[in-house]
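Novice: Structure in structure tokens, see below.
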Amino acid sequence: SQWRGYGAVGGGYAVGFSVRHIGAQEITSVDPPEPILRKVIYDRRTQERLVSDWLRGLSILERARRKKPSQTKALQRNNEAWGAFNMFLSECLNCFKDPAYREEQEWRVIQFGRVGGQDVLKASFRTGGARVVPYVELDFRPAKGPYRGKLPANLIRYGPTLDPRVTERSLRLLCEAYGYNERRLTIKRSGVPFTG
């Protein structure tokens, strides 16, 4: 369905990336905010449990703070927890999707664009169907390591096509021109046939 939904007449390309080089697992800096990698959650019960667990923890902290309202350490811990909860809610808005989209098995790279109410990332815009879509360009080219100066792409899968040999040869030439060798980047044909 993804080839139909996003590819041209079922064709197109899906690029796979080395997850070690795309986004952090945890937010370690908000100045500037760094990209984080998240798996989209489609299960309603899991979504509700995650939010409920956060609210339960915040409730415990809030009760402890009210018992000792003048204790600076409790107040600071409470403020940090609420800040983390705000980040968590922002992640939820980006990573919770309706169960009807489960087959997408989507992962998302998120980079928050506001710190302390100030915009720190400049949005660009493109058209998408009949609407305007905001986006932010992210640079994932590492300064060192095996992907130095290049996107950490390790797979290109091409969609259904009538001439897979020409498609694959063209992709190989393109990859070589940009410094990707066959050991680092695999090219595969989709298992979906061109016609049903």
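Novice: Just a yes or no: is a residue in the range 151-162 more than 21 Å from residue 6 (Cα to Cα) and among the charged types (D, E, K, R)?
Specialist: So far as the range 151-162 goes, no, none of its residues is more than 21 Å from residue 6 (Cα to Cα) and among the charged types (D, E, K, R).
Novice: If you check residue 59 against the conditions, is it modelled with pLDDT of 80 or more and within 20 Å of residue 156 (Cα to Cα)?
Specialist: Spelling it out, it is not the case that residue 59 is modelled with pLDDT of 80 or more and within 20 Å of residue 156 (Cα to Cα).
Novice: Residue check, residue 106 against (1) over 30 Å from residue 58 (Cα atoms); (2) touching a residue at least 60 places away in the same chain (Cβ under 8 Å); (3) within 20 Å of the chain's Cα centre (by Cα), all met but one. Which one?
Specialist: (1)
Here's the yes/no breakdown for (1) more than 30 Å from residue 47 (Cβ to Cβ); (2) touching a strand residue (DSSP E or B) at 6+ places or on another chain (Cβ under 9 Å):
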site: 89; (1), (2): no, no
site: 137; (1), (2): no, yes
site: 168; (1), (2): yes, yes
site: 172; (1), (2): yes, yes
site: 185; (1), (2): yes, yes
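Novice: Might you let me know whether the range 156-169 holds any residue that is under 15 Å from residue 15 (Cα atoms), part of a loop (DSSP other than H, G, I, E, B) and without any contact (Cβ under 8 Å) to a residue 12 or more places away in the chain?
Specialist: So far as the range 156-169 goes, no, none of its residues is under 15 Å from residue 15 (Cα atoms), part of a loop (DSSP other than H, G, I, E, B) and without any contact (Cβ under 8 Å) to a residue 12 or more places away in the chain.
The values are calculated or read from the model by the stated rules, or taken from the named source; none is laboratory data. All values derive from a computational prediction rather than experimental measurement. Reconstructed Cβ throughout: ideal geometry from the backbone, glycine too, with neighbour counts over all protein chains shown.
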